[in-house]
Amino acid sequence: MTPRPPAIRTKAETALAESFEQNRATMPGGDALRGQRARAFDVFHERGLPHRRIEAWHYTDLRNLMREAYPITQGAPAAAPASGLRIIIRDGVCTLPTGAPPAGLKLTTLRDALAGASDALIHALFPDQGADDAMVAFNAAMARDGVLIEIAPGAVIDEVIELDVTASGDAPHGDISRSLVLVGEGARASILESHAAPPKVQRNSAMIFAVGAGASLAHVFETCADSPELHVSTLIADVGKDARFESFAFVSAGEVLRRQGFVRGSGEGAKIALRGVNLLKAKQHADTTLVVDHAVPHGESRELFKTILDGEASCVFQGKVVVRPHAQKTDGGMKSQAILLSDDAAMYNKPELEIFADDVVCGHGATVGQLDADQIFYLMARGLPRAQAEGMIIEGFAREALEFVGNEAIRERLGAGLADWLARRAS
Amino acid sequence: MLDITDLHANIDGKEILKGLSLHVKAGEVAAIMGPNGSGKSTLSYVVAGRAGYDVTSGSIMLNGEDILAMEANERAAKGIFLAFQYPLEIPGVTTMTFLKAAMNAQRKQRGEEELTTPDFIKRVRAAADKLGVSQDMLRRPLNVGFSGGEKKRMEVLQMVLLEPKIAILDETDSGLDIDALRIVAEGVNALRSPDRAFLVITHYQRLLEYIVPDSVHVQSAGRIVKSGDKELAHELEKNGYRDYVADAA
């Protein structure tokens, strides 16, 4: 066990605890849910904000980074998007699109879903994975709203389900949301989760996925040009038999972003792929901490993260793959590669394998380097000015991960975002 | 066309080129031969403008213009092409993307119009067919997973498309089987013209059976120590470099 933090209550921790006390009476949901929230809050209260002595948070010391907790506010619902399959969560309040969703897809605001929540729904919404993490626990205690996305067994939703998480107003504030995606057996869907915010926003968001047997879900997480100042984003997924879960993260904005993933292959033959691109500059900090848990045989997992760091930016990749004693024939591969464009940038790579089965194939690789002078010369000798040569090498490096985004429109949009980031760097 | 005069160049404080002079005329194919460690690759890098080399004295003129202060890309736009001994792999960048960027970057620096996409594709197709470069290779990331022969053919394809004034071939024959060597040589020979020069750097005489040179120069210990016609290559094949190594020492 990691050592317990000393029982110091920082100003931010005290403020967060007070906000729970202020809100608990008006939270949606019945007694079962109230009990669930109280237990979650106890976890947070006992642990406080994660800090450097908590191993999983070693490189992202929230106690230090979150000196002040902004008041957590609920805004008025946003105007409903008139067209498309777009869900808006603004200031922690969900708004559904007005149009009827395609057959097989059901959308409910979480606040409505919680009003008469069954035990099964509560169980799905508050899984054990990551439950002892203080920030996951705080999210569980405080989230009032979000979206419940239910995809019927066998349904194929071609249109991308867009989830825009945003905030309003210039006053510093915090927002919290939790969303649940239930993918029925054999169903197929894709979700684009975009995060935007005015400058002074602290966000704690959680996405929980339960992917049924034989189903396939593709998830893309992206930061928009204006993103929260501090964002803890949690992804929890349970992947069933022969199901496929893919999540791709495109991170280029925000000051401090902690993405944590708790993904379990609970059915035989589950396939998990977690990939992403981080483009960071100035004093940006992005942390990707993953736990991939192979609980049963014949699982497959792939992680691939490509990071480009400029200025004084820092990035963390912690990837843990756990193979349980019975999870024979697990096939795991994890890779984190970073290019540092500046002497002041820092990359922290910590791949971990915990293998308790004897017949598995698991590998990991982590590299950190600078741009290759030979490659630059090669391209310059063909006529490309230095900035263009460097840009081409960086773009190619990132595209190796981007290629895995299955949806062409999203892939092209992220590719344009990459080109735009490079152009701004060169100018 | 290319006039190198009393060139001295260091890398990491060590002098590699020690007063090298070489003059290549328009339309000429000049071969440079020499033992390992004589600075042949360094010569090609210094002419192409690789960073890290310190030219302490001497000059390199291209058509009367001093190129020493120019960046590698400026030299390329002026018409210098280096076919690499070990072409670099550029992951994630398709060959077509790279070719278009290179051709247009040079045109832009020369103040010419960029190529339209149909014009570009037409040029690439025509050149690729002649060199046996497949469509698949053009779609793959540049040089990634290419065999040695494929990489060299890709170098020649780039040379054909970029239409240089002077092309430097640095050990282009290394690692090639006889069929690949023939394809590469045919590609070079097809480009020979009265207003284009070649500098063919090779360790062996074999390549010069296919690309017949107008002049042959022996480089040893950072200098040209002997010049002659194509017969000199045959003589070297027979007697080796020992006479010249001794001379230089």
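GNM, chain A, Cα, under 10 Å: largest mean-square fluctuation among A:Thr98, A:Thr288, A:Thr307?
Its mean-square fluctuation being the largest, the pick is A:Thr98.
Let me know the longest stretch in chain A that avoids all GluC sites (Glu not before Pro) found in a DSSP loop with at most 14 other C-beta atoms within 10 Å.
A:160-402
Would you kindly compute the Cα radius of gyration of the protein assembly as shown and its largest Cα-Cα separation (Dmax), both in Å?
Final numbers for Rg and Dmax: 31.0, 99 Å.
For the peptides B:182-193, B:206-217, what is the packing order when you average, over each peptide's residues, the other Cβ atoms within 10 Å and list the highest mean first?
Numbers: B:182-193: 17.1, B:206-217: 19.3.
Most protected by this proxy first, the peptides run B:206-217, B:182-193.
May I ask you to evaluate 6.51 cos²θ - 1.76 cosθ + 1.60, the Karplus curve with θ = phi - 60°, for each residue of the range A:383-392 and list the ³J(HN,Hα) values in order in whole Hz, giving x for glycine and proline?
Ordered by residue, 3J(HN,Hα) equals x, 7, x, 3, 4, 5, 5, 4, x, 5 Hz.
How many partner chain Cβ atoms sit within 10 Å of a residue's Cβ in peptide B:46-54, on average, as a whole number?
Details: counts 0, 0, 4, 3, 7, 5, 2, 0, 0.
Across B:46-54, the average partner-chain Cβ count within 10 Å equals 2.
Under a 10 Å cutoff between Cα atoms, tell me which one of B:Pro35, B:Pro87, B:Pro194 has the largest fluctuation in the Gaussian network model of chain B.
The residue with the greatest mean-square fluctuation here is B:Pro194.
Please name which of B:His8, A:Ile89, A:Ser252 has its Cα lying farthest along the dipole of the protein assembly as shown towards the positive end, using unit charges on Cβ (Lys, Arg +1; Asp, Glu -1) and the Cα centre as origin.
A:Ile89
Give me Rg over Rh for the range A:18-116, both radii from the alpha carbons and Rh done the Kirkwood way, two decimal places.
Numbers: Rg = 17.8 Å, Rh = 16.7 Å.
On the Cα set of the range A:18-116, Rg over Rh gives 1.07.
Rank by packing, highest mean first: peptides A:232-239, A:138-145, A:277-284, with packing defined as the count of other Cβ atoms within 10 Å averaged across residues. All intermediate terms of the calculation are to be shown ahead of the outcome.
Values: A:232-239: 26.1, A:138-145: 24.4, A:277-284: 21.5.
Most protected by this proxy first, the peptides run A:232-239, A:138-145, A:277-284.
Pick out, from A:Ala218, B:Tyr86, A:Ala134, the residue whose Cα sits farthest towards the positive end of the charge dipole of the protein assembly as shown, with +1 on the Cβ of Lys and Arg and -1 on the Cβ of Asp and Glu.
Result: A:Ala134.
List the lysines whose Cα sits under 24 Å from the Cα of A:Lys200, skipping any in the same chain fewer than 8 residues away.
Here the lysines satisfying the reach criterion relative to A:Lys200 are A:Lys11, A:Lys281, A:Lys283.
Taking 0.36 nm per intervening residue step and subtracting the Cα-Cα distance, what contour gain separates A:Ser168 from A:Arg24 on full extension? List each step's numbers first, then the result.
Working: separation 144, 0.36 × 144 = 51.84 nm, distance 2.35 nm.
Taking A:Ser168 through A:Arg24 to full extension adds about 49.5 nm, to one decimal.
Might you report the magnitude of the Cβ-based charge dipole of the range A:285-427 about its Cα centre, with Lys and Arg at +1 and Asp and Glu at -1, to the nearest 20 debye? Intermediate results must be reported in sequence, preceding the final value.
Details: 14 positive and 22 negative charges, 51 e Å.
My answer is approximately 240 debye.
Assigning unit charges at the beta carbon (Lys, Arg +1; Asp, Glu -1) and nothing else, what dipole magnitude in debye, to the nearest 20, does the range B:153-249 show about its Cα centre?
160 debye
Using +1 on the beta carbon of Lys and Arg, -1 on that of Asp and Glu, and nothing else charged, what's the dipole of the protein assembly as shown about the Cα centre, debye to 20? Don't skip to the end; give the middle numbers.
Values: 74 positive and 90 negative charges, 99 e Å.
That gives the protein assembly as shown a dipole magnitude of about 480 debye.
How large is Rg/Rh for chain B, to two decimals, with Cα atoms and a Kirkwood Rh?
Values: Rg = 17.9 Å, Rh = 18.6 Å.
My calculation puts Rg/Rh at 0.96.
Between B:Asp6 and A:Ala409, what FRET efficiency follows from the Cβ-Cβ distance if R0 is 60 Å, with the result rounded to 0.05?
Values: r = 60 Å, r/R0 = 1.00.
It comes out at approximately 0.50.
Spelling out what I want: for every residue of the range B:54-66, take phi, set θ = phi - 60°, compute 6.51 cos²θ - 1.76 cosθ + 1.60 (Karplus), and round to whole Hz; glycine and proline get x.
Running phi through 6.51 cos²θ - 1.76 cosθ + 1.60 with θ = phi - 60° gives 10, 7, 8, 7, x, 9, 10, 10, 10, 6, x, 10, 6 Hz.
Comparing A:Ala213, A:Ala167, A:Ala79, which has the greatest mean-square fluctuation in the GNM of chain A with Cα pairs linked when under 10 Å apart?
Most flexible of the set in this elastic network: A:Ala79.
Cα atoms only, the range A:371-427: Rg and Dmax in Å?
12.5, 36
Which stretch or stretches of the range B:165-185 have amide N atoms under 17 Å from the point lying 7 Å from B:Glu112's Cα along the Cα→Cβ direction?
Counting backbone N atoms under 17 Å from the label point, the list is B:165-167.
Could you name the aspartates and glutamates in cross-link range of A:Lys271, using Cα to Cα under 13 Å and dropping any fewer than eight places away on the same chain?
Cα-Cα hits under 13 Å: A:Asp238, A:Asp242, A:Glu246, A:Asp293, A:Glu300, A:Glu303, A:Asp331.
With Rg and the Kirkwood Rh both taken from Cα atoms, where does Rg over Rh land for the range A:122-203?
Numbers: Rg = 15.1 Å, Rh = 14.7 Å.
So for the range A:122-203, dividing Rg by the Kirkwood Rh gives 1.03.
Under the rule of at least 5 residues apart or a separate chain, name every residue whose amide H is placed under 5 Å from the amide H of A:Asp242.
A:Gly214, A:Glu268, A:Gly269, A:Ala270
Just to be sure I follow the rule: in the range B:1-151, considering lysines 8 or more places apart or on different chains, how many pairs have Cα atoms under 18 Å apart?
Lysine pairs, 8 or more places apart or on different chains, close enough: 10.
Amide H to amide H under 5 Å from A:Arg275: which residues, 5+ apart in sequence or cross-chain, H placed 1.01 Å off N in plane?
For A:Arg275, the qualifying residues are A:Ser247, A:Phe248, A:Ala249, A:Leu304.
For the range B:123-139, take each phi angle, set θ = phi - 60°, evaluate the Karplus expression 6.51 cos²θ - 1.76 cosθ + 1.60, and give the result in whole Hz per residue in order, putting x for glycine and proline.
4, 5, 4, 4, 5, 5, 4, 5, 9, x, 8, 7, 4, 4, 4, 5, 7
Coordinate-derived values only; no laboratory data. This one's a predicted model, so the numbers in the text were calculated from it and none came from an experiment. Positions of Cβ are backbone-derived with ideal geometry, glycine not excepted, and every protein chain shown enters the neighbour counts.
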